[in-house]
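Since the structure comes first, as structure tokens, the remarks are kept for the end.
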Amino acid sequence: MSIEKVARLAGVSKATVSRVLNQHPGVRPDTRDKVLAAINICDYQPNLLARQLRTSQSHMLLVLISDITNPFCSRVVQGIEAEAEAQGYHILLCNSASQFHRESAYLSLLTGKVVDGVITMDAATCLHELQPLIGDAPWVQCAEYDPAIAASSVSINNKEAAYETVRYLADKGCRRIALVNCDMRYLYSHQREAGYRAALEELDLAFNNVAYAETVSCEAGSQALQTLLAGSERPDAVFAVSDVLAVGVVHAALEAGLRVPEDLAVVGFDGISFTGSLNPPLTTIEQPMNQMGARSVQLLVKRIRQPHSDVVHEVLPWKRIERASS
């Protein structure tokens with residue numbers, strides 16, 4: 001089906017159909033709707049290569065993530081993909097495992113205009129290595145960011161969320177609050193630990209015990225709690241920087257004969273959907289994962305269309321979901 005037939009069916013010119021396909025702002029909403037309806041009826045598939053040659057844009061966005069198996073990353077990517085489609089873009093996903101050779105290979109696509117821009121979700125400590133490869137190309141940092149880099153970012157206030165979590169547990173009567181943290185290459189690990197320590201200091205709680213998980217996995221969370229339980233004083237609460245780690249903490253606590261939350265209160269972080277179905281259901285700090293992904297696309301597309309638009313550091317709200325584990 002050709003663009004000429006779409007134009008005839010919609011009762012408009014070929015130029016108008018082209019403007020709709022290229023998301024030109026100067027098309028009236030009713031005209032746009034007629035063209036889109038005609039495209040749907042005709043099942044018209046535009047020649048993407050021809051469009052790229054015409055506009056110097058591929059309408060492809062590169063998304064670099066460190067671990068697709070992490071439910072947090074998966075939810076953010078869902079938000080990215082849905083918003084990209086709504087904006088007329090497709091995504092190319094790179095599961096980098098924070099390996100520079102993988103990332104550099106994908107970022108070379110920016111030079112060839114195979115992709116129009118990039119969203120990174122990689123560890124903050126890796127971003128300075130990527131900066132020379134990305135150069136002046138449109139770039140948005142999602143969740144993880146380096147504040148020294150002149151690229152927009154979308155995140156939450158991790159330090160505030162961790163601080164308020166410790167305060168919440170203290171209000172519940174907990175006095176020996178431990179932290180299960182993970183890979184310190186990630187900015188969120190530093191920020192959440194900073195919030196944890198700030199709250200302990202303000203509350204004058206002497207118990208200060210952090211266990212570092214080797215990976216973000218249930219097994220690593222279980223091992224972290226075993227390390228904490230082997231100490232001279234058992235914690236009465238654990239704040240884990242990831243829901244996945246928190247699930248492992250709960251499992252290890254029950255295996256050790258502890259009651260949750262009577263003997264050990266547990267709070268996770270992220271707001272992964274399955275945590276509400278656990279036994280006991282997990283209290284968690286919910287991040288707006290889909291919104292983070294969608295907003296990253298919106299900022300990136302704006303940068304693509306308006307190369308001189310301002311750099312934006314957007315902080316989205318988080319919320320605590322209280323359940324039986326605390």
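The values are calculated or read from the model by the stated rules, or taken from the named source; none is laboratory data. Given the structure is predicted, the values throughout are model-derived calculations rather than measurements. FYI the Cβ positions are ideal-geometry reconstructions off the backbone, even for glycines, and counts take in every protein chain you see. Note: areas computed on protein heavy atoms with side chains; ligands, DNA, RNA excluded. Shrake-Rupley method; radii C 1.70, N 1.55, O 1.52, S 1.80 Å.
Here the spin labels are modelled as points 7 Å beyond Cα on the Cα-Cβ line, and at residue 68 and residue 160 they lie 3.4 nm apart. Between the Cα long axis of helix 100-111 and the first principal axis of the chain there is an angle of about 20°, rounded to the nearest 10. In this structure, the amide hydrogen of residue 176, modeled 1.01 Å from its nitrogen in the peptide plane, lies closer than 5 angstrom to those of 236, 237, counting only residues at least 5 positions away or on a different chain. Computed over protein heavy atoms with a 1.4 Å probe, the accessible surface of segment 75-157 works out to 41 Å² per residue. Counted over segment 249-301 with a bin width of 10 Å, the fraction of Cα pairs per bin, in whole percents, is 22, 38, 21, 13, 6, 0. Helix 187-203 axis versus longest C-alpha principal axis of the chain: approximately 40°, rounded to the nearest ten. Considering only 275, 199, 17, and ranking their Cα positions along the charge dipole of the chain that arises from unit charges at the beta-carbon of Lys, Arg, Asp and Glu, the one farthest toward the positive end is 17. Rounded to the nearest 10 degrees, the angle from helix 289-305 to the longest Cα principal axis of the chain is 40 degrees.
Among DSSP bridges having both ends in the chain, what percentage is antiparallel? Round to the nearest 5. Provide the component values of the computation, followed by the final result.
Details: 3 of 39 bridges.
Of the beta bridges lying entirely in the chain, close to 10 percent run antiparallel.
Please work out the FRET efficiency for the pair residue 95 and residue 230, using the Cβ-Cβ distance as r and a Förster radius of 35 Å; give the result to the nearest 0.05. For residue 95 and residue 230, the calculated efficiency is 0.50.
Here's how it looks for residue 326: its modeled amide H is under 5 Å from those of 266, 283, which are all 5 or more places away or on a different chain. As a length-normalised measure over Cα pairs under 8 Å and 6 or more apart, the relative contact order of the chain settles at 17 percent.
Just the accessible area per residue of segment 179-284, please: how many Å² with a 1.4 Å probe? Could the numbers behind the result be given before it?
On the way: 4360 Å² over 106 residues.
For segment 179-284, the solvent-accessible area averages 41 Å² per residue.
Here's the list of lysines a cross-link from residue 172 could span, going by alpha-carbon distance under 29 Å and ignoring same-chain residues fewer than 8 apart: 159, 319. Note on residue 129: accessible area is roughly 90 Å² with a 1.4 Å probe, heavy atoms of protein only. Of the residues 109, 36, 62, the one whose Cα sits farthest towards the positive end of the charge dipole of the chain is 36 (charges of +1 on Lys and Arg Cβ, -1 on Asp and Glu Cβ, taken about the Cα centre). Using alpha carbons only, how many angstrom separate the centre of segment 268-326 from the centre of segment 167-211? Taking the Cα centre of each part, segment 268-326 and segment 167-211 sit 21 Å apart.
What is the dipole size for segment 169-246, taken about its Cα centre, with +1 at each Lys and Arg Cβ and -1 at each Asp and Glu Cβ, in debye to the nearest 20? Before the final figure, lay out the partial values.
Numbers: 7 positive and 11 negative charges, 12 e Å.
With only Lys, Arg, Asp and Glu charged at Cβ, the dipole is about 60 debye.
List the residues of segment 137-159 whose backbone N lies under 20 Å from a point placed 7 Å from the Cα of residue 310 along the Cα-to-Cβ direction. It comes to 138-142, 146-157, nothing else.
If you take every residue apart from residue 312 with its C-beta less than 12 Å away from the C-beta of residue 312, what net charge results, scoring Lys and Arg +1 and Asp and Glu -1?
Values: positive: 295, 302, 303; negative: 310, 314.
In short, +1.
Peptides 205-211, 215-221, 313-319 ranked from most to least packed give 215-221, 205-211, 313-319, packing being the mean of other C-beta atoms within 10 angstrom over each peptide's residues. Amide hydrogen proximity for residue 153: with H placed 1.01 Å from N in the peptide plane, the residues at 5 or more positions away or on another chain lying under 5 Å are 141, 312, 313, 314.
Normalising by the residue count of segment 101-190, find the relative contact order in percent from Cα pairs under 8 Å and 6+ residues apart. Let's see the in-between values first.
Numbers: 86 pairs, mean separation 23.7, N = 90.
Averaging sequence separation for qualifying contacts and normalising by length gives 26 percent for segment 101-190.
How much of the accessible area of segment 210-322, probe 1.4 Å, is carbon plus sulfur, in whole percent?
On the way: 2380 of 5060 Å².
After summing per-atom areas, the C and S share lands at 47 percent.
Bridging of residue 34 to lysines at a Cα separation below 26 Å is possible for 5, 14, 302, once same-chain residues fewer than 8 apart are set aside.
Taking label points 7 Å from Cα along the Cα-to-Cβ direction, residue 136 and residue 24 give a separation of 2.7 nm.
Given +1 at the Cβ of Lys and Arg, -1 at the Cβ of Asp and Glu and no other charges, the dipole of segment 77-226 around its Cα centre is 360 debye to the nearest 20.
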